[in-house]
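Here's the structure, in structure tokens; my notes come after.
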Amino acid sequence: MAGKVLMIAEKESLAKQIAGAFGISRLSDKGKFYENDEVIIGMASGHLYQLKPKSKILTLPYLPEAFELQYEPIAEKQFLISTLNKLLRRGDIAEVCNACDPGREGELIGSAIIENADIPFSRETRLWASSQSPSAIKTAFQKRKDASEYRNLRAAAKVRSRGDLVYGLNASRAVTQLFRRKTGSQENYSAGRVQTPTLALVVSRELDIKNFVATPFWNVNLNLSVDEKINQFTWRNQKSVLAPIQPELTDNDPEAEDQAEAKIEQNALASRIESLEIAEAIKAKVEHAFVSYTDISQTEKAHLIPAPKLFDATTLQAEADRVLGFELSKTMSVLQSLYDLTYVSYPRTENTQIATSDREAVLSAFKMLAGHRTYCDMASDVLKHEEEWVSLTKTRIFVQEDKLIDGHSAIIPTDVPVTTTLTPDQDALYSLIVKRFIAGFYPPAEVQITEQVLTINGEKFVANGQILKVKGWKEVLEVPTSSKSPLLADITPDSFLKIKEVAVHKSSTKPPQRYTEGKLSEMMKRLGLGTAATRAPIVNGLKGAGVKTTKAAYLQKDGKYIAPTEAGYSLINFLQSNGLSLVCEHDFTSQFEENLSGLTNGKLTETEAKDFIYQQAVRVVNTLNSVTQEVPEYKEVLGPCPNCNS
């Protein structure tokens, strides 16, 4: 009789879903695991082991070899470790399968359990499921691969764990030593390769706001009556550009939004007048002028706006922050619960595209949604145009699997119908995901942009208008109408034209806005800070979540925005004023993440990836040592000498 397959799930909820896919509904009477004639499903609870030095750290820099580190059991999880070790030692186990989350951390969690059991197996495999639906689990089980095919991913996971430990220990201890020598403070300060540059981003933005000096400027607006309708023109110099798509019409596509904002800023600068005297002079030149049809040029241009990209973890966090007011950690918690319920695909993805091999899963999801009372019409519309709308030629949506950043497709609904009562938060987030998914397959929207240019007495005035001609994907996603984009009255040779009013308005430049958590997460991704799995915990940690002392909090919420605390200011200011800006730089961290990707893809060796972060740790410690040597040791003044009063 063939032996059984022992599958190790990352957490209890995942173990339950895997068991359900194999028709097992109850835990075994013998312990906290599931079992039938074919498989045994054991469970972890996240990381069961933590990496620690084997001996006391006496000097810096601390650059341990692998044998000088150990995976130490986490005390409160010892029961799970004992249960798994007993299962691993059973004589009827023919194969052990790492069924933890399909990603770098899941690889590390499962491999640490297997390796620390120190039991040789004739076969070790890896389960890689895109979702927790029964069909996805069964398909992944049938296609499971030998663990050796994931050796590069495992190596990257270990280098990440080891590198973060080494860098964090060196940087934190060195910074703390310098603080103590300079100020006498006994506080322990934390510095990490991701958290410190992230904190520096927020502090830098806050300083930009505090140091901002508003500059006054003036605009000249002209209201032109066109057959009794009013078109509002604004004076512009010759540097303006054709009216851009409004940012809200890009529907939170970060790249398109940036381009739109840049064009709007260019036009805003072209409309600014540096003094009241110049503005009043322009007004005087035109307010009593006669306007004819030949003074006006009119341009119309159609723009096709593609559907917004599907969600990855970062863009979903940003959208949930903007629309629902969710903090990053809340979004990921609710998203995880939807994943555990098998309603959405893998949550911690960096991709906004879907693997071409998942097209059938996409169609299955649409068929499920076609039976949903809220989404039935929209989903049925997609299925009606399946050949065109769900074509693999739509490269904005589909991509070859080997081109995906982390092997995971975008976050989409699965084909599992919602049969449980969702909480309001779950329902709201699920709705965001489903609507973005459906909209992604709809045709482009078409916007007509109209620009009218009035040249009168040598001065140029511009009026912009936009109108949505074809809704396309906007049938699914509602977009607010922009007050900046009125519908302009058409001007013809027969139009009666008259200047109704010319007004001078004073304004001033505005400081940059603070980051919301969503915008901070987007900026972290752009700069290569953290991963989809770590950005929310990093921001949460900087806010001191789970830490009792308020001194540990470096960030705080201020309404919907995020701002540094005094401790956050103090740490970044201390580092930068003492020649330690390198600890705040993001370039090193983004390069390390690239190296980990290179290691995963077989383009770098484990030694090359490890040496890079070790070298940075040495650089930080050497810089801190050179600064420390120049700082006199802090001595507390207790009071005057009782003998000489000095």
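Structure notes:
- Asp490 paired with Lys603, simple spin-label distance in nm, labels 7 Å along Cα-to-beta-carbon: 5.3 nm
- For Lys210, the lysines whose Cα comes closer than 18 Å to its Cα, not counting residues fewer than 8 places off in the same chain, are Lys510, Lys557.
- Spin-label pair Leu58/Ser577, simplified geometry with 7 Å Cα→Cβ offset, distance in nm: 3.6 nm
- Under a 5 Å amide H cut-off, with hydrogens placed 1.01 Å from N, Gln50 pairs with Glu72, Ile74 among residues at least 5 apart or on other chains.
- Charged neighbours of Ala503, selected by a Cβ distance under 13 Å, balance to 0 (K, R count +1; D, E count -1).
- Prolate/oblate/rounded call for segment 379-502, Cα gyration tensor, a/c under 1.5 rounded: prolate
- Our estimate of slack between Phe121 and Ala428, defined as 0.36 nm per intervening residue step minus the Cα-Cα distance, is 106.0 nm.
- Taken one residue at a time, the phi angles of segment 569-581 give Karplus couplings (6.51, -1.76, 1.60, θ = phi - 60°) of 4, 4, 5, 5, 4, 4, 5, 6, 7, 10, x, 10, 4 Hz. Gly and Pro are set to x.
- Global form of segment 23-75, assessed from the alpha-carbon gyration tensor, a/c cut-off 1.5: prolate
- Chymotrypsin sites (Phe, Trp or Tyr not before Pro) restricted to DSSP loop in segment 285-375 with at most 14 other C-beta within 10 Å: Phe290
- Leu383-Ala94 pseudo-label distance in nm [points 7 Å out on the Cα-to-Cβ vector]: 4.1 nm
- Our summary gives the chain a relative contact order of 18 percent, counting only alpha carbon pairs under 8 angstrom and 6 or more residues apart.
- The listed peptides 298-306, 133-141, 100-108, ordered by packing as a protection proxy, come out as 100-108, 133-141, 298-306 (highest mean of other Cβ atoms within 10 Å first).
- Each Lys or Arg adds one and each Asp or Glu takes one away; over the other residues whose Cβ falls under 12 Å from the Cβ of Glu585, this sums to +1.
- About the Cα centre, charge dipole magnitude for the chain (Lys/Arg +1, Asp/Glu -1 at Cβ), debye: 1460 debye
- Helix axis angle, 12-21 relative to the chain longest principal axis, alpha carbon, degrees: 90 degrees
- Whole-Hz ³J(HN,Hα) from phi, Karplus 6.51 cos²θ - 1.76 cosθ + 1.60, for segment 97-105, glycine and proline x: 10, 6, 10, 6, 3, x, x, 5, 5
- Within the set [x] 39.7; [y] 34.6; [z] 42.4, the number that mean projected area of the Cα convex hull in nm² takes when calculated for this structure is listed as [x].
- Residue separation of Thr356 and Lys498 scaled by 0.36 nm, minus their Cα-Cα distance, works out to 45.3 nm of gained length.
- Net charge in the neighbourhood of Thr423 (other residues with Cβ under 14 Å of its Cβ; Lys, Arg +1, Asp, Glu -1) is -2.
- Taking each residue as 0.36 nm, the span from Asn36 to Gln70 lengthens on full extension beyond its C-alpha to C-alpha distance by 8.8 nm.
- Of the chymotrypsin sites (Phe, Trp or Tyr not before Pro) found in segment 170-232, none is in coil by DSSP with at most 11 other Cβ atoms within 10 Å of its Cβ.
- Inter-part distance where segment 413-435 and segment 46-122 are each reduced to a Cα centre, Å: 35 Å
- Anisotropy class of segment 371-440 from Cα gyration tensor, a/c 1.5 cut: oblate
Each value in this text was obtained by applying a stated rule to the coordinates, not by laboratory testing. For clarity, every value in this text was computed on a predicted model and none was experimentally measured. So basically every Cβ, Gly included, is an ideal-geometry build from the backbone, and we count neighbours across all protein chains shown.
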